[in-house]
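Working notes for the structure below.
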Amino acid sequence: MRAAVAGRYVSPHEVTAAWSSGSSDRTVRVVVDAMGGDNAPDEVVKGALQAAGERVRVVLVGDEARVGRLLPPDARHVELVHAPDVITFHDEPVAAARRKTASSLVMGMKLVHEGQADAFVSAGNTGAVVAASLLYVHRIHGVHRPAICSIMPAAPTPLAMLDIGANAECRPEHLRQFAVMGQAFAREVMGIAEPEVGLLSIGEEETKGTGAVIEAHKLMAGDPRVRFRGNVEGRDIMDRAVDVVVTDGFTGNVALKTIEGTAKAVMKAVRQAIDANLSTKLGGALLRAELYRVRDALDPEEYGGAFLVGMKAPVIIAHGSSRARGIANAVRQAARGVVSDLLPSIARELGAGSPEGGDTAS
């Protein structure tokens, strides 16, 4: 395994600059679930307005009365589709995706399914987003299970980690597919030319871990499509030992939230230390620019959301507490997923040809 990369935290803007670049002439239509999230619809609408432009048209789906009053009279590149119902965080995901067909989440997915939009963004119920994606957007042929792929902070640049919540239990073959899809995501969305993959375990030795992890290690090591660098441990994630970390959704979700919580606690402790006395305040002033850089790198809103890889269209799951900046970046990531080679790349590498071809896999 290569040594961890040393260096400063890179500003997320340096990583995500391509998401807003004019590298494609295609106009993308991104559906945004205006009613999804703790701060919906106000912050969702603000974020949509920030991201909308000549090449990114936003379709807001939600309650016409509540959302409409938030749109300025001269709003450009934004349209509103009325949806009278909402899927809440308390709803059972699969049942809600099947039965609440007039909800903003399901109606938005249907727009993608019908070809009226290219991608979907929601800060709502994660389980319902995954379930509705499977019902209406469908998997790329050859993909056994989609995975939620998150951009994780690390020094000097972020890495990709999947799965972080779509599949609590995974078979070895699922983990191997996650490696292929994670590589494609790191290359096409994050701009990492030759991403290297690590399998999250409790030790670097190939005999460490659960039965599924040990078997997945063998599959990845023998797969020429995967630039596999072996097992990585939890402490290796933020040290940037690899470009892509593969794990099951249960472990990945615990790791993600542990890292987010630790980052908040550390930044709080740093602020308290700086405010301790006049000398520390002066020292903090000298470090202000670099501390802001670290803060931004650790802020999940800077990357917008997590990408549900393996679907026939980009689906972005934003943090439930997302504010306008997070929603705007989620829309930009969705647009990047449309114009990049991500979906065709996954289809090719899994031997399925076009992402639209074939059935929805078993």
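The values are calculated or read from the model by the stated rules, or taken from the named source; none is laboratory data. Since the model is a prediction, treat every value here as computed from it, not as a measurement. Positions of Cβ are backbone-derived with ideal geometry, glycine not excepted, and every protein chain shown enters the neighbour counts.
Among the residues of the range 153-174, which ones are surrounded by fewer than 21 Cβ atoms within 10 Å (Cβ to Cβ) and of a type in the set (A, V, I, L, M, F, W, C)?
Answer for the range 153-174, where residues must be surrounded by fewer than 21 Cβ atoms within 10 Å (Cβ to Cβ) and of a type in the set (A, V, I, L, M, F, W, C): A155, A168.
Residues that are under 20 Å from V315 (Cβ atoms), at pLDDT below 95 and surrounded by fewer than 19 Cβ atoms within 10 Å (Cβ to Cβ): does the range 27-35 have at least one?
So far as the range 27-35 goes, yes, one or more of its residues are under 20 Å from V315 (Cβ atoms), at pLDDT below 95 and surrounded by fewer than 19 Cβ atoms within 10 Å (Cβ to Cβ).
Identify the residue in the range 175-222 that is free of Cβ contacts under 8 Å to residues at least 24 places away in the same chain and of a type in the set (A, V, I, L, M) and, among all such residues, is surrounded by the most Cβ atoms within 10 Å (Cβ to Cβ).
Filtering the range 175-222 for residues that are free of Cβ contacts under 8 Å to residues at least 24 places away in the same chain and of a type in the set (A, V, I, L, M), the one surrounded by the most Cβ atoms within 10 Å (Cβ to Cβ) comes out as I214.
Tally up the residues in the range 36-48 that are surrounded by 18 or more Cβ atoms within 10 Å (Cβ to Cβ), touching a residue at least 60 places away in the same chain (Cβ under 8 Å) and part of a helix (DSSP H, G or I), please.
4
Return the only residue of A186, A154, A179, A212 being closer than 23 Å to G326 by Cβ, of a type in the set (A, V, I, L, M) and in a helix (DSSP H, G or I).
A186
Check whether at least one residue in the range 270-285 is in a helix (DSSP H, G or I) and under 20 Å from the mean Cα position of the chain (by Cα), and report yes or no.
Scanning the range 270-285 turns up no residue that is in a helix (DSSP H, G or I) and under 20 Å from the mean Cα position of the chain (by Cα).
Among the residues of the range 224-236, is there at least one that is outside any helix (DSSP H, G or I) and β-branched (V, I, T)?
Checked the range 224-236: at least one residue is outside any helix (DSSP H, G or I) and β-branched (V, I, T).
Which is of a type in the set (D, E) and touching a helix residue (DSSP H, G or I) at 6+ places or on another chain (Cβ under 6 Å), of E290, E302?
Going through E290, E302 in turn, just one is of a type in the set (D, E) and touching a helix residue (DSSP H, G or I) at 6+ places or on another chain (Cβ under 6 Å): E302.
Criterion first (assigned to a loop (DSSP other than H, G, I, E, B) and small (G, A, S)) does A160 satisfy it?
Taking the combined requirement at face value, the residue does not satisfy it.
Quick one: how many residues across the range 54-77 are farther than 12 Å from A34 by Cα and buried (at least 18 other Cβ atoms within 10 Å of the Cβ)?
2
With the structure loaded, tell me whether G320 is outside any strand (DSSP E or B), closer than 30 Å to R171 by Cβ, in contact with a Gly (Cβ under 7 Å, 6 or more places away or on another chain) and not assigned by TED's automatic domain parsing to the domain that holds A168 or whether it fails that test.
It is true that G320 is outside any strand (DSSP E or B), closer than 30 Å to R171 by Cβ, in contact with a Gly (Cβ under 7 Å, 6 or more places away or on another chain) and not assigned by TED's automatic domain parsing to the domain that holds A168.
D85: modelled with pLDDT of 95 or more, in the same structural domain as K110 (by TED's automatic domain parsing) and out of contact with any helix residue (DSSP H, G or I) (no Cβ under 6 Å at 6 or more places or on another chain), yes or no?
Answer is yes for this residue.
Step by step: first the residues of the range 96-141, then only those that are charged (D, E, K, R) and either touching a His at 6+ places or on another chain (Cβ under 7 Å) or within 23 Å of G249 (Cβ to Cβ) (or both), then the one that is surrounded by the fewest Cβ atoms within 10 Å (Cβ to Cβ). Which residue is that?
Among residues in the range 96-141 that are charged (D, E, K, R) and either touching a His at 6+ places or on another chain (Cβ under 7 Å) or within 23 Å of G249 (Cβ to Cβ) (or both), the one surrounded by the fewest Cβ atoms within 10 Å (Cβ to Cβ) is R98.
Could you pull out the residue among A335, A306, A318 that is in contact with a His (Cβ under 9 Å, 6 or more places away or on another chain), within 20 Å of E188 (Cα to Cα), among the hydrophobic types (A, V, I, L, M, F, W, C) and surrounded by 15 or more Cβ atoms within 10 Å (Cβ to Cβ)?
A306
One line per residue, one yes/no per condition, for (1) closer than 29 Å to G209 by Cβ; (2) in contact (Cβ under 8 Å) with a residue 40 or more places away in the chain; (3) touching a Gly at 6+ places or on another chain (Cβ under 9 Å):
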residue	(1), (2), (3)
D243	yes, yes, yes
G249	yes, yes, yes
N253	yes, yes, yes
K257	yes, no, no
T262	yes, no, no
A265	yes, no, no
R271	no, no, yes
A276	no, no, no
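If I filter the range 133-147 for residues that are within 27 Å of R99 (Cα to Cα) and assigned to a strand (DSSP E or B), do I get at least one hit?
So far as the range 133-147 goes, yes, one or more of its residues are within 27 Å of R99 (Cα to Cα) and assigned to a strand (DSSP E or B).
Is it the case that D163 is in contact (Cβ under 8 Å) with a residue 40 or more places away in the chain and under 30 Å from S103 (Cα atoms)?
It is true that D163 is in contact (Cβ under 8 Å) with a residue 40 or more places away in the chain and under 30 Å from S103 (Cα atoms).
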